Amino acid sequence: MRFLLIALLFLSVVSCNTSSSGNYKPVSDETVDETVDETVDDLSDEALAESEDTESDENTDKNTDEGVDETVDETTDEATDENTDENTDEGVDETADETADETADETVDETVDETVDETVDESFDEDTIPDDDPDDDPYASTNGLYDESLREALYNLIAVDSPFDYDTARDAMYGGIDVFNDEIECLYSGRTIPGPATRSEVYNGGSGLNCEHSWPKSQIVSSNGENTPPGYDIHHLFPTDVQVNSDRGTLDFGEVSMMTDTYCVVGSDCSYRGQSDSGSIVFEVRDSRKGDIARAHFYMAVRWAFECDIYLCIDDNGDMIDGRIKIAEEAVLRQWHVDDPVDERERTRNDRIEAAQGNRNPFVDRPDLVERLSDF
């Protein structure tokens with residue numbers, strides 16, 4: 001490259017020393033050398049300048065690249081830091097949320113557990129367990145008693161003086177005690193009439209209902225006995241169809257095997273009059289009210305048997321009896337008591353009678369007492 005440049009310079013010198021007429025002038029070696037040296041120096045300076053420029057450019061590029069790299073690195077670092085911070089913040093937030101959720105769950109669980117424990121503790125608190133306090137259990141005095149001891153204890157609980165006579169007792173029955181869903185229902189047939197109603201409205205000239213003594217008054221009191229306390233004890237008085245009441249008369253209750261009369265207005269829920277397996281004529285109450293009659297009889301045997309000497313307990317032949325239920329009839333009533341348990345209607349009626357008359361039927365409140373009396 002350097003040789004090529006010298007050759008070109010030489011030709012230039014030769015050309016410059018040629019006259020305009022074309023005459024050639026020889027050039028000395030010193031002149032050539034000086035020219036070459038000057039040219040070389042100029043070229044060297046230029047080359048050096050170019051080299052410095054190149055190095056400067058390279059340095060600039062390098063610096064630029066380094067600056068860019070540093071800027072990129074800084075930008076990348078900042079972005080990385082920001083991303084890291086964001087990720088860290090998000091991670092912290094998520095961790096905080098998870099921790100808060102776990103803490104909340106643990107708090108809820110602990111609160112629920114504590115509430116359940118407190119509820120269980122309260123449920124089993126000795127102070128909440130019923131005891132034998134007569135104020136809490138009206139039948140506490142009967143605990144552990146059987147047969148005659150139990151009968152006497154029950155008598156003492158239910159032997160109160162009624163505020164009624166026969167007329168006012170029926171007014172109480174038709175005016176509210178036996179009114180359910182604005183109706184008064186016949187115990188035996190299920191026939192209903194509107195209620196509340198007066199005695200005359202209920203009787204309706206003999207075509208309506210009247211008052212049945214489920215324990216026939218002729219078997220517990222003397223003549224005109226309906227106007228003695230056993231005769232108007234509402235626990236054994238029920239509204240019944242006039243004709244059905246007459247057909248039942250003083251018949252014992254029992255299971256009919258050969259029926260002669262049927263009394264019902266709804267489906268197969270009927271009462272029957274007819275012959276039992278033993279050949280006696282008995283009256284069978286419809287299934288839905290069998291238990292009501294049984295428990296009314298048990299009440300009457302306990303409430304009034306101790307006062308037979310006052311109210312002349314007699315049988316249909318006029319002979320003195322002890323006011324107890326007959327053996328065959330009692331067996332049937334015990335089964336009816338099991339087959340037709342106490343229902344809400346019977347409980348409500350018991351409440352209403354207590355409000356009006358002042359005493360309750362203990363066998364409605366405590367059906368288990370029946371099993372602790374071997375003989376009514």
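Read-outs: derived from the displayed coordinates by stated rules, not from any lab. Small disclaimer: the values here were computed from a predicted structure and weren't measured. So basically every Cβ, Gly included, is an ideal-geometry build from the backbone, and we count neighbours across all protein chains shown.
Here are a few things to note about the model shown:
- Between Leu251 and Ile310, the C-beta separation translates, for a Förster distance of 45 Å, into a calculated FRET efficiency of about 0.95.
- Summed residue charge, Cβ within 11 Å of Ser257's Cβ, Lys/Arg positive, Asp/Glu negative: -3
- Here Arg372 and Ala140 are evaluated by their C-beta separation; at R0 = 22 Å the FRET efficiency comes out at 0.95.
- Here the stretch 253-360 is described by how far its Cα atoms reach on the three principal axes: 39, 37, 22 Å, from widest to narrowest.
- Cβ-based net charge around Asp247, under 13 Å, with every Lys or Arg adding one and every Asp or Glu removing one: -2
- Averaging the sequence gap over all C-alpha pairs within less than 8 Å and six or more residues apart, then dividing by the number of residues, gives the stretch 246-376 a relative contact order of 21 percent.
- A crude spin-label estimate for the pair Asn156 and Ser207, with each label 7 Å from Cα along the Cβ direction, gives 5.4 nm.
- Debye intensity ratio I(q)/I(0), log10, the stretch 299-376, q values 0.14, 0.19, 0.20, 0.25 Å⁻¹ (C-alpha model): -0.57, -0.96, -1.03, -1.21
- The fewest-to-most ranking of Trp336, Trp215 by surrounding Cβ atoms within 10 Å reads Trp336, Trp215.
- Base-10 log of normalised Debye intensity for the stretch 144-372 (one unit scatterer per alpha-carbon) at q = 0.13, 0.18 Å⁻¹: -0.75, -1.58
- Segments 153-160, 141-148 sorted - mean Cβ within 10 Å per residue, highest first: 153-160, 141-148
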